[in-house]
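Remarks on the structure that follows.
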Amino acid sequence: MPLADIAALAFFTLCWLFYEQLLRMVSRESSLNTDMTVVRAAWMRQMARRESRFMDGQLLGHALNSASFFASSNLLLIAAAAGVLFGGERSFASLSSLELIQTSSRMLFELQMAVILVVLARGLLAFIWSIRQMNYCLTIFGATPEGEGIDPAELDAFGEAGGEVLNQSLSAFNAGVRGYYFALAAAAWMFGPIAMAIATVGAVSLLVWRQRQSPSAKAIRKLRARIEG
């Protein structure tokens with residue numbers, strides 16, 4: 001395999017696997033994800049003290065439907081990528097005949113498709129884990145006691161547990177969605193190692209901007225400051 005392809009693959013792998021550590025380095029104080037953990041924890045504290053938790057179940061059900069939709073879409077993409085990967089010489093001949101596609105050998109072509117497949121598979125596992133944790137959170141909703149005379153400390157314990165589970169669940173959901181960005185960057189390898197490196201930098205830059213400088217990130221940062229203050 002050419003040295004340029006090895007370098008591009010190594011750069012992509014580092015960005016893909018260590019993105020969260022990179023985000024923590026760039027955003028030392030806060031990011032959209034960390035700010036949202038505070039907001040979700042506040043939600044769960046309010047949930048535990050509400051008389052009716054119907055709205056909370058509806059909101060979490062919406063998030064559960066979204067995770068299920070993304071998981072189903074991810075599975076279809078995995079099936080498509082696997083079909084091309086295991087298509088053998090026929091798939092290689094079809095794609096390598098395109099002028100824009102840069103794949104010097106069948107081995108390189110299969111490696112390119114395998115990287116896309118692995119990124120998508122990791123995202124699928126993240127979505128599945130997210131869905132399972134959302135179901136755990138719904139169980140906490142159902143187990144939270146209702147009525148008068150309940151010890152506030154007990155309600156706080158249910159709220160804190162719900163917040164921890166919900167934050168872990170939506171963190172996994174975010175990881176699954178992030179997989180789409182890196183899958184596109186991996187797919188850019190088909191257009192050459194330089195295209196892959198540029199796409200990887202673009203994906204990371206876009207993700208970091210959305211975490212730090214997007215209007216949503218700024219609004220949530222202000223809300224976190226109000227909650228903590």
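The values are calculated or read from the model by the stated rules, or taken from the named source; none is laboratory data. Bear in mind that the values here come from a model prediction, so they are computed numbers and not experimental data. No Cβ is skipped: glycine too gets one built from the backbone with ideal geometry, and neighbour counts run over all protein chains shown. Side chains are part of the model used for accessible areas, which takes the heavy atoms of the whole protein and leaves out ligands, DNA and RNA. Shrake-Rupley method; radii C 1.70, N 1.55, O 1.52, S 1.80 Å.
Applying the condition of being within 26 Å of His62 (Cβ to Cβ) and not in a helix (DSSP H, G or I) to the range 142-177 and asking which residue is least open to solvent (accessible area, probe 1.4 Å) yields Thr144. Against the numbered list (1) open to solvent by 80 Å² or more (accessible area, probe 1.4 Å); (2) touching a residue at least 40 places away in the same chain (Cβ under 8 Å); (3) not charged (D, E, K, R), Tyr19 comes up short only at (1).
For the range 1-49, enumerate the residues that are assigned to a helix (DSSP H, G or I) and among the aromatic types (Phe, Trp, Tyr).
Phe11, Phe12, Trp16, Tyr19, Trp43
When the range 1-43 is filtered for residues that are basic (Lys, Arg) and under 16 Å from Ala175 (Cα atoms), only Arg24 remains.
Note on the range 54-71: among residues that are over 14 Å from the mean Cα position of the chain (by Cα) and open to solvent by 70 Å² or more (accessible area, probe 1.4 Å), the one that is modelled with the lowest pLDDT is Phe54. Evaluation of Arg28 against the conditions (1) of a type in the set (Lys, Arg); (2) more than 22 Å from the chain's Cα centre (by Cα); (3) modelled with pLDDT under 90 shows that the sole unmet condition is (2).
Residues that are open to solvent by 70 Å² or more (accessible area, probe 1.4 Å) and of a type outside the set (S, T, N, Q) were ranked within the range 122-141; the one that is farthest from the chain's Cα centre (by Cα) is Tyr136. Scanning the range 23-36 for residues that are more than 14 Å from Arg178 (Cα to Cα) and hydrophobic (A, V, I, L, M, F, W, C), we see that the one that is surrounded by the fewest Cβ atoms within 10 Å (Cβ to Cβ) is Met25.
Going residue by residue through the range 37-53, is there one that turns out to be closer than 22 Å to Ser216 by Cα, under 17 Å from the mean Cα position of the chain (by Cα) and open to solvent by 60 Å² or more (accessible area, probe 1.4 Å)? Looking through the range 37-53, none of the residues is closer than 22 Å to Ser216 by Cα, under 17 Å from the mean Cα position of the chain (by Cα) and open to solvent by 60 Å² or more (accessible area, probe 1.4 Å). Checking the stated criteria, Thr139 turns out not to satisfy the condition of being touching a residue at least 60 places away in the same chain (Cβ under 8 Å), of a type in the set (Val, Ile, Thr) and out of contact with any Cys (no Cβ under 7 Å at 6 or more places or on another chain). Looking only at the range 80-104, count how many residues are surrounded by 12 or more Cβ atoms within 10 Å (Cβ to Cβ) and at pLDDT 75 or above. Going through the range 80-104 one residue at a time, the tally reaches 5. Among the residues making up the range 178-200, a single one is of a type in the set (A, V, I, L, M), in contact (Cβ under 8 Å) with a residue 60 or more places away in the chain and either assigned to a loop (DSSP other than H, G, I, E, B) or open to solvent by 40 Å² or more (accessible area, probe 1.4 Å) (or both): Ile194. Residues in the range 213-229 that are at pLDDT below 90 and assigned to a helix (DSSP H, G or I): Glu228 alone.
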